[in-house]
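Novice: Dropping a structure here in structure tokens format, bear with me for questions.
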Amino acid sequence: MPEVEAAIESSTVASGVVRVNLGGTIWEVRSHTPELPMEIDVRTREFLCAEGDEADALVDVFWAESFPDPGPVLFDAGLWRAHTAGDGIQFDFFTERLGSVPYKRAIFDSDFNHGRVLLSRRLLSEVKTYYPLEYPLDELASMHRLGRGYGVELHSCGLAVTDETGYLFVGHSGAGKSTLGSGWVKCRAATILSDDRMIVTRDSQGYRMHGTPWHGEAGLAKNLNACLKAIFLIQHGSENKTVKLPKHGAAAELLSRSFVPWYRAEDLDFTLKFLEEMIEVTPVYVFHCLPNVSAIEYLEAHHAI
């Protein structure tokens, strides 16, 4: 689309406002640090939106001279920590080079409709350009907002075929998602929306799968979406074979491959309910497969993909 291409061209370095589409949610990032222009990283440029697109969530960016002591820790991932912040959540970000002082703090309301990103002036004042939502903050914010009633992020490869229908190949790291996805792009007329992490939402048409910037080793990511038709749990096998999962087992399998803020009980409850409702209308199979083109041929023959 010409307007999106123009947005990508003009927003590679932008000092004011940037909009990105993450799983159907448009995040508007508004900089209040004009001396530190925003530079969009390579993986995010594909997901930039035109200026006319209405924002769903707003993020304002400011300098901070210092950071007050945070609230109780909800989760400690080492290079970032989640804390309580009133009814919302606060994320502090660290780097080994700078030690125990956070270089960035992000504070969101309880529904993740609005947030503030505070940049340490002492630690970042000499940086020439910066993207305030740089990974992992963009994924953390998206994951938490999805859990408030919008959808789920799955550890999966998303395949869109020419009639705009889509299929998810779900699995943990090393299961073969990227191998299968890369093979499909090479051998068939299809598009991989992401080779590692996909977002699923629901609309009046049914369940919709969205590409994300958080790709895997194959580096495949597209700002596109498709109607979800089936889900395959990838496993290495001695032959190509699919086994349909009963609904009571499918939800548990998908939950274990979801990105969910486990420390938020309401989000976890919503995610499980969302998955249970999704598999009522979306078949889920275990796919025992070989790591070659025969796996593609099997799905074409037995599942009309």
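Conditions (1) surrounded by 24 or more Cβ atoms within 10 Å (Cβ to Cβ); (2) touching a His at 6+ places or on another chain (Cβ under 9 Å), marked per residue:
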{"residue": "155", "(1), (2)": "no, yes"}
{"residue": "162", "(1), (2)": "no, no"}
{"residue": "165", "(1), (2)": "no, no"}
{"residue": "186", "(1), (2)": "no, no"}
{"residue": "193", "(1), (2)": "yes, yes"}
{"residue": "209", "(1), (2)": "yes, no"}
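Novice: A further question follows. Pick from 110, 142, 178, 100: which is outside any strand (DSSP E or B) and surrounded by fewer than 22 Cβ atoms within 10 Å (Cβ to Cβ)? Break it down into steps so the answer makes sense when it comes.
Specialist: Numbers: 142 fails: surrounded by fewer than 22 Cβ atoms within 10 Å (Cβ to Cβ); 178 fails: surrounded by fewer than 22 Cβ atoms within 10 Å (Cβ to Cβ); 100 fails: outside any strand (DSSP E or B).
Exactly one of 110, 142, 178, 100 is outside any strand (DSSP E or B) and surrounded by fewer than 22 Cβ atoms within 10 Å (Cβ to Cβ), namely 110.
Novice: Which one of these does residue 263 not meet: (1) surrounded by 14 or more Cβ atoms within 10 Å (Cβ to Cβ); (2) modelled with pLDDT under 95; (3) not in a helix (DSSP H, G or I)?
Specialist: (1)
Novice: Tally the residues that are of a type in the set (Val, Ile, Thr) and at pLDDT below 95, restricting the search to region 221-259.
Specialist: Going through region 221-259 one residue at a time, the tally reaches 1.
Novice: Checking the structure you have, find out if any residue of region 234-250 is among the hydroxyl-bearing types (Ser, Thr, Tyr) and either under 20 Å from the mean Cα position of the chain (by Cα) or more than 23 Å from residue 183 (Cα to Cα) (or both). Please lay out each step first, then the result.
Specialist: Filtering region 234-250 for residues among the hydroxyl-bearing types (Ser, Thr, Tyr) gives 238, 242.
With either under 20 Å from the mean Cα position of the chain (by Cα) or more than 23 Å from residue 183 (Cα to Cα) (or both) added as a condition, the list becomes none.
No - not one qualifying residue is present in region 234-250.
Novice: In this structure, is residue 119 more than 18 Å from the chain's Cα centre (by Cα) and touching a residue at least 24 places away in the same chain (Cβ under 8 Å)?
Specialist: Working: more than 18 Å from the chain's Cα centre (by Cα): yes; touching a residue at least 24 places away in the same chain (Cβ under 8 Å): yes.
When the stated conditions are applied, residue 119 passes them.
Novice: Of 30, 43, 19, which residue is closer than 20 Å to residue 124 by Cβ, out of contact with any Ser or Thr (no Cβ under 8 Å at 6 or more places or on another chain) and modelled with pLDDT of 55 or more? Break it down into steps so the answer makes sense when it comes.
Specialist: On the way: 43 fails: closer than 20 Å to residue 124 by Cβ; 19 fails: closer than 20 Å to residue 124 by Cβ.
Result: 30 is the single residue among 30, 43, 19 that is closer than 20 Å to residue 124 by Cβ, out of contact with any Ser or Thr (no Cβ under 8 Å at 6 or more places or on another chain) and modelled with pLDDT of 55 or more.
Novice: Further, regarding this structure: Hey, does region 97-111 have a residue that's modelled with pLDDT under 95 and either acidic (Asp, Glu) or at positive phi (or both)?
Specialist: Scanning region 97-111 turns up at least one residue that is modelled with pLDDT under 95 and either acidic (Asp, Glu) or at positive phi (or both).
For every residue, the table says whether it meets (1) touching a helix residue (DSSP H, G or I) at 6+ places or on another chain (Cβ under 6 Å); (2) over 19 Å from residue 108 (Cβ atoms); (3) β-branched (Val, Ile, Thr); (4) in the same structural domain as residue 118 (by TED's automatic domain parsing).
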| position | (1), (2), (3), (4) |
| --- | --- |
| 26 | no, no, yes, yes |
| 34 | no, yes, no, yes |
| 41 | no, yes, no, yes |
| 50 | yes, yes, no, yes |
| 68 | no, no, no, yes |
| 72 | no, no, no, yes |
| 78 | no, yes, no, yes |
| 83 | no, no, no, yes |
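The values are calculated or read from the model by the stated rules, or taken from the named source; none is laboratory data. Every value quoted in this text rests on a predicted model; they were computed, and no experiment measured them. Methodologically, a virtual Cβ is constructed for each residue, glycine included, from the backbone with ideal geometry; neighbour enumeration extends over all protein chains shown.
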